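K.L.:
Next up is a structure, given as C-alpha cells.
The values are calculated or read from the model by the stated rules, or taken from the named source; none is laboratory data. A quick note: this is a predicted structure, and the numbers were derived from the prediction, not measured. We place every Cβ from the backbone using ideal geometry, glycine too, and count neighbours over all the protein chains shown.
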C-alpha cells in the first residue's frame, strides 16, 4: 500500500468549511471547484505578447516557473485502508519539501475524505520560517471532467504548517468513479506554486500554464475586483462633475494654474504609486490575489509597450487593438497623456470594457475546433487579464494624481476663503471706524451747539 501512517498529530491552522477569518472567498467561489483536466492544454504555443509566456524579468530572483511543481500520489488498495491517516512521500517544490496528508475517514468530521498539504520536517526548520504558496489539490476521476479540484493560498509557518480541507469530499462520492475498480487505486494530484512576494511593484506570481488553468475558474472574480475598484473611483469623479458649482470652481483653479505647475502635477514617480497598488490589491488570504497580481503585471507591461510603440513599433499588443491611453510611462514616471480635466471627464464616463463573450463559455475543448479553440480561449483569457490590469492601473494612477491636485485645490480654496474673511474683517473694521468717527463728529457738533446756546 502506497502511503505510510504518521504518528504525530497534525498541526493547527487547517481550513475548515464555514470557519470565519481564515479563508475568504469572492461570491461564487466554492471550497472545491469541479474542473476538467482538459481545460488547459499544457505546452500550447502562443503568438501573444512575450510577457504572457515569460516570468517576471524585472529582477534576478527565482522565477515563478522555477517555484512551481506537480506531484502525483497513487494510493493502492484504498478500500482496505484501516489507518486513521496517511501521508505521501516528500516532494520538493520551490526549494522546500512538502507532503500530502489524508484522513480516509475524515479529520474531526465523519463520512468525509480530509486532505491537506504539509511542510515536511517543519520542526527542524529555523525559527521564524515561513513558506507562502498557492496550491491545488485534485482527486482524479476516471472521467477527467469529474475530477475534483480545490485551490487555496496560504502562508505556512510554525503554527500553521499544514493547510487544506477537512471536508474535501464526501466518502460515498469517492467510490463513484474516483477509485479504479480493477486496482482499487486512488490518485491524488498536487500543484504547488511558491510565491516570491514583492512590495515595490506588481509581480508575476504564477507559472504561465498554472495561471491559464486557474483563470478559467477565477476570471469572473478578478473581473469583479477590478470592476469594483474602477466603479468606486468613477463614482467619486462623477459626483464631483455633477456638482456644477464645485466642478466649475475646480476647473477655474486648474485653468488658472501656471503651465509648469500643471506639468509637474500631471506626473508622479512610478515606484511611489506601484507600492500602493500592491498593498491595495494583494490580500494574503484571497485565493484570487495571485491572479490579480498577474493581471496588474501584464497591464503594466502593456502600458510600457504602448509607450514604446509610440517611439517605434512595439512588440506587445497591436497598436490598433489598444484603447486610447490615460497615462504613459517614461523612465520611472507615470505621466497623464492629456489635460487632467479632459481625462477626469473621460474616466467618469468610460466604464470598464465588457468581457468578450465570443466563443463557447464552457471552457472545454470543442470536438470540432480542437486545438485552435483552445489557443483562442487562452489568448482571450490572457487578453482580458491584461486589459483588466491595464485599466485598473490607469485609473489608480489618475486617481492618485487627482488626489494630489485636489489637495492643492482645497488649499487654494481655503486660502481664498481666509483672504476673503480677512478682507471682510478689514472692511468691517474700517466701517466700524468710520461709524465711530461719524458718531464722534456728531457728538462734537452737538456739544458745540449747546455751548452756542
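For every residue, the table says whether it meets (1) farther than 30 Å from residue 391 by Cα; (2) in contact with a helix residue (DSSP H, G or I) (Cβ under 6 Å, 6 or more places away or on another chain).
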{"position": "151", "(1), (2)": "no, no"}
{"position": "156", "(1), (2)": "yes, no"}
{"position": "167", "(1), (2)": "yes, no"}
{"position": "171", "(1), (2)": "yes, no"}
{"position": "176", "(1), (2)": "yes, no"}
{"position": "201", "(1), (2)": "no, yes"}
{"position": "220", "(1), (2)": "no, no"}
{"position": "224", "(1), (2)": "no, no"}
{"position": "232", "(1), (2)": "no, no"}
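K.L.:
For segment 71-88, enumerate the residues that are surrounded by fewer than 16 Cβ atoms within 10 Å (Cβ to Cβ) and within 34 Å of the chain's Cα centre (by Cα).
P.N.:
Listed by number, the list holds a single entry, 72.
K.L.:
So which helices (runs of 4 or more DSSP H) stay within segment 165-268 end to end and still have 3 or more residues that are in contact (Cβ under 8 Å) with a residue 60 or more places away in the chain? Before the answer, list the steps.
P.N.:
Details: elements: 171-174, 208-242, 244-255, 259-265.
Here the list reads 171-174, 208-242, 244-255.
K.L.:
Somewhere in segment 359-376, is a residue within 30 Å of residue 257 (Cα to Cα), in a helix (DSSP H, G or I) and modelled with pLDDT under 95? Lay out the reasoning, then the answer.
P.N.:
Of the residues in segment 359-376, the ones within 30 Å of residue 257 (Cα to Cα) are none.
Scanning segment 359-376, I find no residue that is within 30 Å of residue 257 (Cα to Cα), in a helix (DSSP H, G or I) and modelled with pLDDT under 95, so the answer is no.
K.L.:
Every residue in segment 98-117 that is part of a strand (DSSP E or B) and more than 25 Å from the chain's Cα centre (by Cα), please.
P.N.:
Going through segment 98-117, the residues part of a strand (DSSP E or B) turn out to be 98-103, 112-117.
98, 99, 100, 101, 102, 103, 112, 113, 114, 115, 116, listed by residue number.
K.L.:
Looking only at segment 118-142, count every residue that is assigned to a strand (DSSP E or B) and closer than 22 Å to residue 215 by Cα and tell me the total. Please lay out each step first, then the result.
P.N.:
To start, the set of residues in segment 118-142 that are assigned to a strand (DSSP E or B) comprises 118-119, 130-139.
If we keep only those that are closer than 22 Å to residue 215 by Cα as well, we get 132-139.
Number satisfying all stated conditions: 8.
K.L.:
I'd like the full set of residues that are out of contact with any strand residue (DSSP E or B) (no Cβ under 9 Å at 6 or more places or on another chain), closer than 23 Å to residue 202 by Cα and at pLDDT 80 or above, limited to segment 295-350.
P.N.:
Hits for segment 295-350 are 295, 296, 297, 298, 299, 301, 302, 305, 324, 325, 331, 347.
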